[in-house]
Amino acid sequence: MRIKRSGLLVVFTLFLFLAFSMSNVFVQPVAADEVKLQSVKGNLKALANKSKTLSIAVAGKGTMVFKFNDQTALVNAKSTKEFLTEDAVGVDYKQVGADNVAVVITRVVAKLPAGVTAINTTELAALVAKGPDAGNYFLVDSRPAGKCSEGYIPTAVNIPVPVLEKQGEKVLPADKSKILIFYCGGVT
């Protein structure tokens with residue numbers, strides 16, 4: 001029995017069509033919207049607004065670099081200019097090619113206990129300019145002595161956290177009308 005050439009041509013064309021269609025199913029790239037978000041937390045090491053990149057130190061992963069853009073959402077900050085080196089940050093990102101692209105950048109802000117309020121740097125600078133007596137404050141650098149020796153805010157008294165925990169009121173001023181201000185190397 002002989003198969004006509006036209007029949008073979010139809011079968012061969014059908015075979016090519018199926019093979020081509022199936023290969024597209026398996027090699028079709030994933031759409032950007034379908035990329036799964038990943039999350040990391042760490043300390044901000046560098047931020048460059050001009051090149052729109054930031055790097056953070058992530059425990060167990062080292063330093064990771066992220067790109068951000070105008071669509072990147074910011075949490076606890078109105079702009080990236082509010083972020084400071086060593087701030088604790090969280091980044092929700094997707095991998096686009098070889099790049100980690102930040103979708104959400106969160107500035108981690110510690111919750112303060114009831115009755116405790118935060119003071120911003122402008123207010124603190126104004127108090128420091130007045131001095132402890134005129135400003136009616138007592139400023140405590142609660143970092144370890146080694147960190148304090150690297151640099152501290154003028155008028156601050158170094159009382160590391162372990163000393164505060166053990167000696168409490170003994171190391172704080174007896175005058176209860178003074179404003180107590182504490183700072184450390186953390187996120188507040």
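Nothing in this text is a laboratory measurement; each read-out follows from the coordinates by a stated rule. Not measured: the values here are computed from a predicted model.
Scanning residues 5 or more positions from VAL140 or on other chains, those with amide H under 5 Å from its amide H are VAL157, ILE181, PHE182, TYR183, with H placed 1.01 Å from N in the peptide plane.
Averaging 1/r across all pairs of distinct Cα atoms in region 33-107 and inverting the result yields a Kirkwood radius of 12.2 Å. Only lysines eight or more places from LYS178 in sequence, or on another chain, were considered; those with a Cα closer than 24 Å are LYS111, LYS130, LYS166, LYS170.
Considering region 121-183 at the alpha-carbon level, its Rg and Dmax are found to be 11.8, 32 Å.
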